[in-house]
Amino acid sequence: MTATSRIDPTAAPILVVEELNVHYDTSSGPAKAVSDVSFSLKPGERLGLIGESGSGKTTMATALMRLTRAPGRIAGGSVRLDGRDILKMSDKELRETRLRDIALIPQGAMSSLNPVMRLEEQIIDAIAAHVPRMTRQELEAKVTLQLTRVGLDPSVGRRYPHELSGGMKQRAAMAIATSLSPKVIVADEPTSALDVVVQRQVMQTLGRLQDGLGAAVVLIGHDMGLIAQFADTVGVMYAGKLVEIGPVAQMIEHPRHPYTRLLVDSLPGIDQKKPLVGIPGLPPPLVNLPAGCSFNPRCPYAFERCRTETPLLQQITPLERVACHLYPEHQSLPPRPAAKLEARP
């Protein structure tokens, strides 16, 4: 199924995130893990959030579910799901909304599944908490349906999590997350620690589930290649900020932000061998961000304005936004100054 057939361009967004801020309180001050992030998602749309470790991706995922825990706190903004702000819901409303309307496929399924409960009981618990009037027979039939949907034999429901392979555990987590047909699925690096063959199978399963539900998906990851194969839209995060967002094909072929360009250049070539180009330096500490653009100490394009003025996320085409002082003066990213890049053998 293509993006065109999945997404109704006239549909209203199902998820609207505006000026979201998440801080971690430390002895040195607040670490701004997510800063003023805004985006929207239509039903059926697939958004991939990409960036280095520590860029704020998982913090974003937990904030969308309102699962942020101390010392973290949601410092501002809104997360509207079908018009209702998750951040303003009561505890009762939140319990009803999670899983039913928005569901999380967590990173590391083994640590999210209960090790002393059989899988079928975990699925039944999740469903029964929201639909208490279902009979035991109906619940067992639902378990069979869910396991079949994710490509698992129904007999797997009688097993404990430790009896499952990594790929099976991840599919089990998907079965639970989609058991009530949510409108939005947040998948936080669902293929981490899996080999490439199983990664592909898991992503194909996620795609089939999403197509069947018509749900929107937020896929968190740091593998640009994997994100590019799945997503319709890609958002690039750096030091807690969304620095670029746009269609996946445009992002890969003609990235607008210098950081996106360097992420794409770090991918190995398939058609021809090329030297791997690493991004110089390290991400900044979130409690002491550099003045101006947070990426300026590592950016080969940086000039004086980048060191003093924080760039805003500006609209440069109807579908693309980028936070970089090179725009709107430039139409595209200029040729990169090769002397400032680090090549790896």
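The values are calculated or read from the model by the stated rules, or taken from the named source; none is laboratory data. None of the values given here were measured: they were computed from a predicted structure. Note that we place each Cβ from the backbone using ideal geometry, even for glycine, and neighbour counts take in every protein chain shown.
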Quick check: is even one residue across the range 228-243 within 25 Å of Ala215 (Cα to Cα), surrounded by 15 or more Cβ atoms within 10 Å (Cβ to Cβ), touching a strand residue (DSSP E or B) at 6+ places or on another chain (Cβ under 7 Å) and of a type in the set (Phe, Trp, Tyr)?
-> yes
Of all the residues that make up the range 279-298, how many are more than 11 Å from Ala239 (Cβ to Cβ), among the small types (Gly, Ala, Ser) and surrounded by 13 or more Cβ atoms within 10 Å (Cβ to Cβ)?
-> 1
Give the residue, chosen from Leu67, Leu41, that is within 27 Å of Gln229 (Cα to Cα) and within 19 Å of the chain's Cα centre (by Cα).
-> Leu41
Among the residues of the range 270-287, which ones are touching a residue at least 40 places away in the same chain (Cβ under 8 Å) and either over 25 Å from the mean Cα position of the chain (by Cα) or within 25 Å of Gly225 (Cα to Cα) (or both)?
-> Pro275, Leu276, Val277, Gly278, Ile279, Pro280, Pro283, Pro284
Quick one: in the range 64-98, which of the residues that are of a type in the set (A, V, I, L, M) and in a helix (DSSP H, G or I) is farthest from Ala31 (Cα to Cα)?
-> Leu94
Look through Gly207, Gly225 and report the one residue that is on the phi < 0 side of the Ramachandran plot, out of contact with any helix residue (DSSP H, G or I) (no Cβ under 8 Å at 6 or more places or on another chain) and touching a residue at least 12 places away in the same chain (Cβ under 8 Å).
-> Gly225
For the range 293-334, name all the residues that are among the basic types (Lys, Arg) and in a loop (DSSP other than H, G, I, E, B).
-> Arg298
Log entry, pairs with first residue in the range 309-328 being under 18 Å from Ser35 (Cα atoms), second being of a type in the set (S, T, N, Q) and assigned to a strand (DSSP E or B), beta carbons closer than 6 Å, six or more apart or on different chains, reads Arg321/Gln315
What about Tyr301, is it of a type in the set (Phe, Trp, Tyr) and surrounded by 23 or more Cβ atoms within 10 Å (Cβ to Cβ)?
-> no
Scan the range 152-160 and give yes if some residue there is hydroxyl-bearing (Ser, Thr, Tyr) and modelled with pLDDT of 95 or more, otherwise no.
-> yes
Options Gly157, Gly151; residue that is under 20 Å from Leu213 (Cβ atoms) and either outside any loop (DSSP other than H, G, I, E, B) or not charged (D, E, K, R) (or both) = Gly151
Number of positions in the range 90-134 that are at pLDDT 95 or above, loosely packed, with under 14 Cβ neighbours inside 10 Å and either small (Gly, Ala, Ser) or within 12 Å of Ala175 (Cα to Cα) (or both) | 1
